[in-house]
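First comes the structure, then the notes that go with it.
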Amino acid sequence: MPSILILGATSDIAQAIAASFAQRKFDVVLAGRNVSELDRIKNDLQIRYQIAVSRVHFEAEKMATHIEFVNTLPQLPQITACVFGYLGDQAKAEQNVEEALQIITVNYVGAVSILSVIANKYEHQKSGTIIGISSVAGERGRQSNYFYGSAKAGFTVFLDGLRNRLFKSNVHVMTVKPGFVNTKMTAGLPLPKLLTAQPNQVGEAIYKAYLKKTNTLHVLWIWKWIMLTIASIPENIFKKMKL
């Protein structure tokens with residue numbers, strides 16, 4: 001039975017990904033630090049889709065545990081989705097280095113650490129798929145979220161290089177840039193309706209892109225053109241804008 005490992009499985013996007021694959025009869029391994037919430041999600045998926053679901057404790061920020069985490073999995077699933085992230089508080093990060101480092105550690109260092117371990121396993125077995133949730137925020141630095149954006153920019157480039165490296169080993173790496181998504185993480189933000197996806201849209205788009213072996217996925221097509229427009233603004237103009 002095909003299976004998927006979801007790192008950071010308690011987020012709204014992660015749960016939507018789990019549901020999209022589960023309804024196609026993929027077994028699911030849920031990984032995260034909130035064990036009680038993992039149990040709730042596990043029970044729901046098992047009842048709803050009649051599949052095998054397991055849950056394992058995982059800490060993205062504890063990089064020293066990542067090799068042991070992978071090595072102690074009963075079996076490494078054919079797909080790994082790296083979904084965990086931390087939006088953080090930009091204003092706080094500007095004044096508090098601990099906040100800044102947490103944003104960078106969760107979104108970049110932790111993701112690179114765990115996916116590097118998994119990439120080596122997939123490369124050795126000559127098969128596998130890695131799905132990394134990055135962000136359009138990483139396509140150009142803006143004053144409103146440049147700590148988060150810089151971490152996601154690094155993660156995007158990491159996934160680019162990993163895809164290039166692993167292609168010859170029959171391992172596919174997909175970068176997902178969801179744009180605005182209506183989730184707990186964005187609750188309270190004034191998100192424009194036409195530019196905002198729902199979690200279930202993200203889950204379905206990822207499943208379909210997985211089948212096609214898409215390299216980079218913009219969940220809502222309009223984001224690709226928005227970011228191309230933003231990237232084309234000359235720096236001497238862009239630096240004066242409030243974004």
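Scanning segment 118-162 for residues that are farther than 10 Å from N107 by Cβ and polar (S, T, N, Q) gives N120, Q125, S127, T129, Q143, S144, N145, T156. Any residue in segment 178-186 that is in contact with a Leu (Cβ under 6 Å, 6 or more places away or on another chain), buried (at least 21 other Cβ atoms within 10 Å of the Cβ) and either of a type in the set (D, E) or closer than 22 Å to A9 by Cα (or both)? The answer is yes, given that some residue of segment 178-186 is in contact with a Leu (Cβ under 6 Å, 6 or more places away or on another chain), buried (at least 21 other Cβ atoms within 10 Å of the Cβ) and either of a type in the set (D, E) or closer than 22 Å to A9 by Cα (or both).
Yes or no: V106 buried (at least 18 other Cβ atoms within 10 Å of the Cβ), out of contact with any strand residue (DSSP E or B) (no Cβ under 8 Å at 6 or more places or on another chain) and modelled with pLDDT of 95 or more? Yes; evaluated as a whole, the condition is true for this residue.
The condition of being closer than 26 Å to V112 by Cβ, outside any helix (DSSP H, G or I) and of a type in the set (V, I, T) holds for only one of T156, T183, that being T183.
Applying the condition of being in contact (Cβ under 8 Å) with a residue 60 or more places away in the chain and not polar (S, T, N, Q) to segment 19-36 and asking which residue is nearest to N182 (Cα to Cα) yields A19.
Determine if segment 7-17 includes at least one residue that is over 16 Å from the mean Cα position of the chain (by Cα) and surrounded by 20 or more Cβ atoms within 10 Å (Cβ to Cβ).
Among the residues of segment 7-17, not one is over 16 Å from the mean Cα position of the chain (by Cα) and surrounded by 20 or more Cβ atoms within 10 Å (Cβ to Cβ), which makes the answer no.
With respect to being polar (S, T, N, Q), part of a helix (DSSP H, G or I) and surrounded by fewer than 20 Cβ atoms within 10 Å (Cβ to Cβ), S116 fits the description.
Of the residues making up segment 203-243, those that are in a helix (DSSP H, G or I) and either among the charged types (D, E, K, R) or more than 22 Å from N145 (Cα to Cα) (or both) are G203, E204, A205, I206, Y207, K208, A209, Y210, L211, K212, K224, E235. Applying a threshold of 8 Å to beta carbon distances and a minimum spacing of six or more residues, or different chains, the list of pairs starting in segment 192-211 at a residue that is under 14 Å from V181 (Cα atoms) and ending at one that is of a type in the set (S, T, N, Q) and surrounded by fewer than 19 Cβ atoms within 10 Å (Cβ to Cβ) reads T196/N182; A197/N182; Q198/N182; P199/N182.
Just wondering, is there one or more residues in segment 195-205 that are hydroxyl-bearing (S, T, Y) and surrounded by fewer than 17 Cβ atoms within 10 Å (Cβ to Cβ)? Looking for residues that are hydroxyl-bearing (S, T, Y) and surrounded by fewer than 17 Cβ atoms within 10 Å (Cβ to Cβ), one finds none in segment 195-205, hence no.
The values are calculated or read from the model by the stated rules, or taken from the named source; none is laboratory data. Since the model is a prediction, treat every value here as computed from it, not as a measurement. Please note: Cβ atoms are built from the backbone with ideal geometry, for glycine as well, and neighbour counts cover all protein chains shown.
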